[in-house]
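Chemist: Could you have a look at this structure, given as structure tokens, before my questions?
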Amino acid sequence: MSANTVLPKRILIIQYSFSAQTRKLVRSMMEGLEEYPVSLFRERLYPVVEQHFPIGTTPKIVKKMIVTMFRQRVPIQPLSPQCLKTMT
């Protein structure tokens, strides 16, 4: 590789979508970034135990709101090898 070679900027987007809203936002952002000379990689986080939106009962909704408010940590599955390679 010569000293004059310019490598494209690398952008790693790590996201988790409890609903489809974040997924759509990230997709739109990536479509906009594709217009530029960048290398894009998206890694989606997956929780170890699948999270469900508490539809149907008020107590479950209130419990989820409280857990969210106190920012309870949720273990995630390991990142993909491609993601780890992108970060180096």
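Chemist: Only one of Ile13, Ile76 is of a type in the set (A, V, I, L, M, F, W, C) and in contact with a Lys or Arg (Cβ under 6 Å, 6 or more places away or on another chain); which?
Modeler: On the way: Ile76 fails: in contact with a Lys or Arg (Cβ under 6 Å, 6 or more places away or on another chain).
Answer to the check: Ile13.
Chemist: Can you tell me how many residues in region 40-66 are more than 16 Å from the chain's Cα centre (by Cα) and surrounded by 12 or more Cβ atoms within 10 Å (Cβ to Cβ)?
Modeler: Number satisfying all stated conditions: 5.
Chemist: Limited to region 1-25, what total is found for residues that are surrounded by 12 or more Cβ atoms within 10 Å (Cβ to Cβ) and of a type in the set (Gly, Ala, Ser)?
Modeler: 1
Chemist: For region 67-76, which residues satisfy the criterion of being surrounded by fewer than 10 Cβ atoms within 10 Å (Cβ to Cβ) and either more than 16 Å from Gln15 (Cα to Cα) or touching a residue at least 12 places away in the same chain (Cβ under 8 Å) (or both)?
Modeler: Scanning region 67-76 gives Met69, Phe70, Arg71, Gln72, Pro75.
Chemist: When you go through (1) assigned to a loop (DSSP other than H, G, I, E, B); (2) among the small types (Gly, Ala, Ser); (3) loosely packed, with under 13 Cβ neighbours inside 10 Å one by one for Ser28, which number turns out not to apply?
Modeler: Failing condition for Ser28: (1).
Chemist: Quick test of your reading of the structure: Glu35 fulfils all but one of (1) closer than 30 Å to Leu7 by Cβ; (2) surrounded by 12 or more Cβ atoms within 10 Å (Cβ to Cβ); (3) modelled with pLDDT of 85 or more. Name the failing condition by number.
Modeler: Here Glu35 clears every test but (2).
Chemist: Of all residues in region 1-43, how many are within 25 Å of Arg73 (Cα to Cα), among the aliphatic types (A, V, I, L, M) and in contact with a helix residue (DSSP H, G or I) (Cβ under 7 Å, 6 or more places away or on another chain)?
Modeler: Summing the residues that are within 25 Å of Arg73 (Cα to Cα), among the aliphatic types (A, V, I, L, M) and in contact with a helix residue (DSSP H, G or I) (Cβ under 7 Å, 6 or more places away or on another chain) in region 1-43 gives 2.
Chemist: In this structure, is Ser39 free of Cβ contacts under 8 Å to residues at least 60 places away in the same chain, hydroxyl-bearing (Ser, Thr, Tyr) and part of a helix (DSSP H, G or I)?
Modeler: no
The values are calculated or read from the model by the stated rules, or taken from the named source; none is laboratory data. Quantities reported herein were computed from a predicted structural model and do not represent experimental measurements. In this analysis, Cβ positions are derived from the backbone assuming ideal geometry, glycine residues included, and neighbour counts consider all displayed protein chains.
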